[in-house]
Amino acid sequence: MTTQQWVPLTDLHDGCLFRPDGVVVAGVTIRPPALGLKSQAEQGQLIQGLQAALDGIGCPVEILTLPRPIDLDRYLAALDTRLQATPIGDRRRVLGDYLRWVSGLVRQGEAVERRSYLLMTRTGPDALAEHRTTLRGLLEDLSRLRGVEAAALTDADWRSVLFLMFHSTRAAFEPAPDGQRATPVYRARTSAGGDVS
């Protein structure tokens, strides 16, 4: 199996991912509010609003949540410095307990943030234009929901998502490639051996 057969995309542009099977994927990054901090009525309104927004999409939707490791080395170093400067007493004990707790999270690999995405798939020659129309309506619907932050995925966002999926252990310590030297991952070859534009 060649790398081109294994990589599940052919190109990335205009905020969409193009797959080898002809599917065009558009996406929205979404940051919902903490439901546990809302009343029952607010929770119900938010869930109904999200359901209505999803029902209006009109194409297959996938919800993807990715854990992204967080580099807490600088934070731990700052806490340790503060602990050393804190006089002996209750405050120092509480700070020491907190530092041990955060260090434990890091050792156990639980220092992650979750990023959520709504991914929409379409096929056909008008898939890109249809995605643009759908994204406008979806973002408008989501903007009406109190506390929900949403934005259409840009090419840079897609590179971040792909970097996180393929290089999850490195994602905490290095940024995703910027795409300045990016070229299509795969180009179909014609029978004559030339690239298909």
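The values are calculated or read from the model by the stated rules, or taken from the named source; none is laboratory data. Here the structure is a predicted model, which means the values were calculated and not measured. Here the Cβ positions follow ideal geometry from the backbone for every residue, glycine too, while neighbour counts run over all protein chains shown. In case anyone asks, the SASA skips ligands and DNA or RNA and just uses the protein heavy atoms, side chains included. Shrake-Rupley method; radii C 1.70, N 1.55, O 1.52, S 1.80 Å.
List of remarks:
- Computed on the Cα atoms alone, the convex hull of region 1-110 gives a volume of 203 cubic angstrom per residue.
- For region 116-126, 3J(HN,Hα) computed residue by residue from phi via the Karplus equation (6.51, -1.76, 1.60; θ = phi - 60°) reads 10, 9, 9, 10, 10, 10, 9, 10, x, x, 9 Hz, glycine and proline entered as x.
- A 1.4 Å probe over all protein chains sorts Arg114, Arg19, Arg107, Arg132 by accessible area into Arg107, Arg114, Arg132, Arg19, starting with the largest.
- Whole-Å semi-axes of region 104-169's equivalent ellipsoid (Cα gyration tensor): 30, 18, 8
- Karplus-derived 3J(HN,Hα) values for region 127-142, using 6.51 cos²θ - 1.76 cosθ + 1.60 with θ = phi - 60°, are 4, 5, 5, 5, 4, 4, 5, 4, 4, 4, x, 5, 5, 5, 4, 5 Hz; glycine and proline are entered as x.
- Euclidean distance between Cα centres, region 67-88 to region 3-33, Å: 37 Å
- Percent of C-alpha pairs per 5 Å bin, region 23-66, short to long: 5, 17, 23, 24, 17, 10, 4, 1, 0
- Working ranking of peptides 78-86, 147-155 by packing, defined as the average number of other Cβ atoms within 10 Å per residue, highest first, is 147-155, 78-86.
- Solvent-free Debye scattering, log10 I(q)/I(0), computed from the Cα coordinates of region 33-163 at q = 0.09, 0.14 Å⁻¹: -0.47, -0.84
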